[in-house]
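Written out below as structure tokens is the structure these notes cover.
The values are calculated or read from the model by the stated rules, or taken from the named source; none is laboratory data. Computed from a prediction, not measured in an experiment: that's the story for all the values here. Note that each Cβ is placed from the backbone with ideal geometry, even for glycine, and that neighbours are counted across all protein chains shown.
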Amino acid sequence: MSPKNNTIWSFVQEYSLLLVFGAFGALIWANINYDSYHHIVDMVLIDNFFIGHLHDGHRTLTLHYLINDVLMALFFAIAGKEVWEAIALKSGSLRGKKAMTPLIATAGGIIGPAGVYLLGAYLVGKLAILSNGWAIPIATDIAFSYLVGRIIFGAKHPAVGFLLLLAIADDAAGLVILAIFYPQGDLSPEWLLLSVFAAVTVWYFFNFLPRQKDGDDPNRPSSAKIRSQFGFWPYILAACLSWYGFQEAGIHPALGLLPIVPALPHADNDFGIFGAEEEFQHDMLNDAEHSLKPPVEVILMLFGFANAGVVFSSIGEATWLVLIGLLVGKPIGILFFGWLAAIPMRLGLPEGMRVIDLLIIGFVAAIGFTVSLFIAAVAFTPESGVLDAAKMGALFSFGAVFISIAVAKIIGVKKIQ
């Protein structure tokens, strides 16, 4: 995944434009005619659907469920691929001492906003009603934060790499939080054995065994033969089984493809989510990502359309709590924990980066948007009366763009292009 060229506009087109178009199109439509918008989003596609009991307790496939629970699994698979490479590969960006300060700062970017949100919910006397939304302001939108980071710092400033590490680690934490704290019904963990079985089986027969037969042969004839004969089909079948296992286990099925990601044959190097070298990696894992990227761009547009259709009159306590969590808790948490790691713990910062830059990174990381919207949709039900208000807070997190740029001007950031 890499920008087609080195311009900001090209990056916007490749990573963000369709998502923004879908989200703001939904916002406009919902405020013009709320009923017709929800008539489309909640449209029943298939009644008496054959795949298990869905999230609403009925065997019904709606457009909203198709987008959020089925198609978004492809988005989380790409996010999971980047996280897994960053952690598992020897050259992974989240390995070694260089990653310690961003990882500790990430902890601050989780504890800070969650703590501020819960404290605010307590102070307004609605902790019982609003507490389940504590994870909404912890999210960081990787694409948007990277884009804004490049605008503020320049492409080659060390703060941009720091921000990217933090955003990837934040996504990893978000995936874990979604799986553990937001079950989609009664938990039946035995169904996860189906996901484990699918992942282990496809890894053993289509990845491990061929590599064992190849030995030290650099041409890898057995692996090449397996790939030419079967292509992606074994992994597609395994992905379907894993998705079903997650759904029946009561864990959000959008995470259902994650166990399959490590099973695909992969390169030994991690060039990072926006590294230009990724474009030239043709192992099966990177080829899968290259193939998924165009449909995922469309899926993100559909996701924005299906989830951002809220009316301005829905603004309430949840809106302001999400915003305060993001715009206050996030920067303070990242600044404090990042300083703690860099100075008292003596882990340091990348050369050319200042402690005060952590504050700007905190504001940039406050752009929750995509993942914040997703968590809001699973944290609250439409019947709760606060879902749309929480979503509005996630949408308003775009304000962090302008705050970040203003703070950078005040502090005096020197761009490094």
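Structural remarks
- For Ile273, the conditions (1) modelled with pLDDT under 95; (2) out of contact with any Ser or Thr (no Cβ under 7 Å at 6 or more places or on another chain); (3) assigned to a helix (DSSP H, G or I); (4) buried (at least 20 other Cβ atoms within 10 Å of the Cβ) all hold with the exception of (3).
- Residue in the range 13-21 that is modelled with pLDDT of 85 or more, more than 17 Å from Phe369 (Cβ to Cβ) and among the aromatic types (Phe, Trp, Tyr) present: no
- When the residues of the range 220-264 are filtered to those that are in contact (Cβ under 8 Å) with a residue 24 or more places away in the chain, in a loop (DSSP other than H, G, I, E, B) and closer than 21 Å to Val296 by Cα, the one that is farthest from the chain's Cα centre (by Cα) is Phe232.
- When Ser242 is tested against (1) modelled with pLDDT of 95 or more; (2) closer than 20 Å to Thr62 by Cα, only condition (2) is not met.
- Verdict on Asp47 being at pLDDT 75 or above and touching a His at 6+ places or on another chain (Cβ under 8 Å): no
So that you can scan it fast, the table gives a plain yes or no per residue for (1) in contact with a Gly (Cβ under 8 Å, 6 or more places away or on another chain); (2) under 19 Å from Asp141 (Cβ atoms):
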position	(1), (2)
Gly316	no, no
Gly325	yes, yes
Leu335	yes, no
Ile343	no, no
Thr381	no, no
Ala390	yes, yes
Ser404	no, yes
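- All positions within the range 366-417 that are farther than 18 Å from Leu163 by Cα, outside any loop (DSSP other than H, G, I, E, B) and aromatic (Phe, Trp, Tyr): Phe374, Phe396
Let's see how each residue does on (1) surrounded by 12 or more Cβ atoms within 10 Å (Cβ to Cβ); (2) in a helix (DSSP H, G or I):
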| position | (1), (2) |
| --- | --- |
| Pro183 | yes, no |
| Asp186 | no, no |
| Leu194 | yes, yes |
| Phe206 | yes, yes |
| Lys213 | yes, yes |
| Pro218 | no, no |
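- One residue alone among Ile226, Ile251 is crowded, with 23+ Cβ neighbours inside 10 Å, more than 30 Å from Gly338 (Cα to Cα) and modelled with pLDDT under 95, and that residue is Ile251.
- Checking Val148 against (1) over 30 Å from Gln247 (Cβ atoms); (2) among the β-branched types (Val, Ile, Thr); (3) without any contact (Cβ under 8 Å) to a residue 24 or more places away in the chain, the condition it does not meet: (3)
- The residue list Gly352, Gly333 contains one member that is farther than 30 Å from His64 by Cβ and either without any contact (Cβ under 8 Å) to a residue 60 or more places away in the chain or not in a helix (DSSP H, G or I) (or both), which is Gly352.
- Residue list for the range 66-124, filter: in contact with a Gly (Cβ under 7 Å, 6 or more places away or on another chain) and not in a helix (DSSP H, G or I): Ser93
Conditions tested, residue by residue: (1) under 24 Å from Pro344 (Cβ atoms); (2) at pLDDT below 95.
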| position | (1), (2) |
| --- | --- |
| Ile87 | no, yes |
| Met100 | yes, yes |
| Ala105 | yes, no |
| Ile110 | yes, no |
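- The listed residue being part of a helix (DSSP H, G or I), modelled with pLDDT under 80 and among the aromatic types (Phe, Trp, Tyr), out of Trp9, Trp29: Trp9
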